[in-house]
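The values are calculated or read from the model by the stated rules, or taken from the named source; none is laboratory data. The model shown is predicted, which means the values in this text are computed figures rather than measured ones. Note that we place each Cβ from the backbone using ideal geometry, even for glycine, and neighbour counts take in every protein chain shown. Please note that ligands, DNA and RNA were not included when accessible areas were found on the heavy atoms of the full protein model with its side chains. Shrake-Rupley method; radii C 1.70, N 1.55, O 1.52, S 1.80 Å.
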Amino acid sequence: PVSEWPLSRLLRGDSLRDMTRAPQRRAAGPWERLCDAHLLRHLLEAGSAGGTRWPLALLALGWTAACVALAGPTWESLPETAFREPSRTVFVLGLSPSMASSDVRPSRLARARFKLQDALGRLAGGSVALVVYREEAFAVTPLTDDANVLREQVQLLRTTLAPGRRVLPARGIEEARRLLGRVGAAGSRIVLVSDGGDDDPAASEAAVRGALGEGARVSVLSLVGDPGSLEDLARAGGGAFATLSVDDGDLDRLL
């Protein structure tokens with residue numbers, strides 16, 4: 001009935017022909033240029049807003065699959081990077097008067113300096129420090145990631161740098177433990193470089209056992225042919241023992 005026609009359309013002046021005209025069929029869009037008319041009606045669902053999306057989505061999916069197949073990609077599992085905590089090594093060098101002896105040419109101390117330089121060349125990616133001792137001990141360098149700093153200090157080492165009459169390796173080990181305690185001693189390493197002089201062997205053994213209990217192994221490099229009690233000291237510290245050699249065999253054992 002005319003009474004049911006929208007008043008707004010009557011006021012707007014729409015003609016009765018416009019108001020009674022049947023709704024036109026929704027345009028098919030770009031598919032009309034691709035498909036014949038008798039096929040298009042099977043692809044489009046009248047009155048459905050998303051009906052025309054399915055063929056396009058299927059076409060896009062098929063195109064993507066074809067591109068992937070032609071590209072021929074391969075999937076492989078990559079090795080997982082394992083985290084390793086950087087190593088920490090503290091060298092402890094005795095500077096007793098006997099280190100000036102020339103039974104090991106040119107001297108025990110000179111050979112110890114050469115060996116320390118070689119050892120530093122092997123320690124890449126970790127922290128190193130140097131402690132010297134006689135009756136007392138002090139850190140020549142704290143823990144550092146720059147081995148060049150330590151190289152410069154090693155060249156300057158002299159027996160006169162450490163005063164005192166007694167030779168106490170325990171003091172050097174304790175100073176190394178103090179340095180490591182600041183960053184955590186677990187997994188670290190102490191390398192004692194000595195010619196065997198020790199006026200308190202019991203204290204030295206207690207010091208290396210204490211270091212081992214904190215997680216730091218103590219290895220020993222002996223500068224003389226007769227190791228004496230140094231080998232027992234390395235065993236108590238849970239580390240390795242080596243006698244100074246002309247090749248790198250000693251460093252292979254220690255490092």
In the stretch 143-168, residues that are closer than 15 Å to Asp199 by Cβ and open to solvent by less than 80 Å² (accessible area, probe 1.4 Å) total 4
Taking the stretch 159-186 and keeping residues of a type outside the set (D, E, K, R) and part of a loop (DSSP other than H, G, I, E, B) leaves Ala162, Pro163, Gly164, Val167, Leu168, Val183, Gly184, Ala185, Ala186
Just one listed residue, out of Glu135, Glu205, is of a type in the set (D, E, K, R), at pLDDT 95 or above, in a loop (DSSP other than H, G, I, E, B) and within 19 Å of Leu233 (Cα to Cα), and it is Glu135
The number of residues in the stretch 208-235 that are in a helix (DSSP H, G or I), more than 20 Å from Arg111 (Cα to Cα) and touching a strand residue (DSSP E or B) at 6+ places or on another chain (Cβ under 8 Å) is 6
